[in-house]
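Trainee: Questions regarding the structure given below will be posed in turn.
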Amino acid sequence: MQRTEIINKEKLFELIEFILSDSKTELYESYSEMENELVRISNFSEFKDYFEHSTTEKKRQLGFGIYNPESKGKFTITKLKLDPKYCNGKTYRNRIDGWGIIYVHLNLLNTENEIECRISVNSRKRAENWKSTNPEFGNPELWDWKIIESNAKKIIKQLKKYTQHSI
């Protein structure tokens, strides 16, 4: 399940505030900066600070993962080894992993008024089809797919409200 829309910064902030309004929601960077721990965003103010810092640093793409402990499953943070000769001497970065994580990908296009926002999540069927490829993610049957699908649909419905135009 996925949806991509173009929204502005104000609408992005409203969407993130909606996501974080569920006190059980955990929001993480999808990937950490090299040789840093993953950032967990606990509230809307932290997201605003993260976003503003990222735009000041001229980042064009941001990725986040939403995990809700009620959806159960195996959620992990994986340390990825990097080849220092290709990464300015850096040796690792971290990534979130799990079949039922809902991802929010942001592509900052020309200005803060044009943000491509993509929401995506695996389906039960896709997870089952790929479980042998990613055994470290654990058994997809451990996840409560009804909760995952319900949460993803709510977020996508909210995103649709903010649409400038679909991609």
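The values are calculated or read from the model by the stated rules, or taken from the named source; none is laboratory data. For clarity, every value in this text was computed on a predicted model and none was experimentally measured. Glycine also receives a Cβ, built like all others from the backbone with ideal geometry; neighbour counts cover every protein chain displayed. We work out accessible area using only protein heavy atoms, side chains counted, and drop any ligands, DNA or RNA first. Shrake-Rupley method; radii C 1.70, N 1.55, O 1.52, S 1.80 Å.
Trainee: So, in segment 66-106, how many residues would count as being assigned to a strand (DSSP E or B) and within 15 Å of TYR31 (Cα to Cα)? Talk me through it step by step, then tell me what you get.
Mentor: Taking segment 66-106 as the starting set, the residues that turn out to be assigned to a strand (DSSP E or B) are 66-67, 72, 76-81, 92-97, 102-106.
With the extra rule that they be within 15 Å of TYR31 (Cα to Cα), the set shrinks to 66-67, 76-81, 92-97, 102-106.
The qualifying residues number 19.
Trainee: Looking only at residues in segment 1-24 that are open to solvent by 50 Å² or more (accessible area, probe 1.4 Å) and part of a helix (DSSP H, G or I), which one is nearest to ALA127 (Cα to Cα)?
Mentor: For segment 1-24, the residue satisfying everything is PHE18.
Trainee: Examine segment 69-83 for a residue that is among the polar types (S, T, N, Q) and crowded, with 17+ Cβ neighbours inside 10 Å, and state whether such a residue exists.
Mentor: Taking every residue of segment 69-83 in turn, at least one turns out to be among the polar types (S, T, N, Q) and crowded, with 17+ Cβ neighbours inside 10 Å.
Trainee: I've got another one for you. Given the criteria farther than 30 Å from THR163 by Cβ and within 17 Å of the chain's Cα centre (by Cα), does ARG93 qualify?
Mentor: The answer is yes for ARG93.
Trainee: Anything in segment 107-133 that is in contact with a strand residue (DSSP E or B) (Cβ under 8 Å, 6 or more places away or on another chain) and part of a helix (DSSP H, G or I)? List them, or say none.
Mentor: ARG124, ALA127 - these are the residues of segment 107-133 that are in contact with a strand residue (DSSP E or B) (Cβ under 8 Å, 6 or more places away or on another chain) and part of a helix (DSSP H, G or I).
Trainee: Here is a follow-up. Suppose we filter segment 95-123 for residues that are of a type in the set (S, T, N, Q) and in contact with a Phe, Trp or Tyr (Cβ under 7 Å, 6 or more places away or on another chain); how many remain?
Mentor: Selection size over segment 95-123: 2.
Trainee: Among the numbered conditions (1) open to solvent by 30 Å² or more (accessible area, probe 1.4 Å); (2) closer than 25 Å to ILE148 by Cα; (3) touching a residue at least 24 places away in the same chain (Cβ under 8 Å), tell me where ARG40 comes up short.
Mentor: The failed condition is (3).
Trainee: Look at segment 135-152 and say how many of its residues are out of contact with any strand residue (DSSP E or B) (no Cβ under 8 Å at 6 or more places or on another chain), farther than 18 Å from ILE19 by Cα and open to solvent by 30 Å² or more (accessible area, probe 1.4 Å).
Mentor: Adding up the residues that qualify gives 3.
Trainee: Here are THR56, THR78, THR4: which of them is among the β-branched types (Val, Ile, Thr) and touching a Cys at 6+ places or on another chain (Cβ under 9 Å)?
Mentor: Of the residues listed, the single one that is among the β-branched types (Val, Ile, Thr) and touching a Cys at 6+ places or on another chain (Cβ under 9 Å) is THR4.
Trainee: Name the residues in segment 140-164 that are in a loop (DSSP other than H, G, I, E, B) and modelled with pLDDT under 95, would you?
Mentor: Passing the criteria: TYR162, THR163, GLN164.
Trainee: Let me ask you something else. For segment 108-129, how many residues are open to solvent by 80 Å² or more (accessible area, probe 1.4 Å), at pLDDT 95 or above and not basic (Lys, Arg)?
Mentor: Count: 1.
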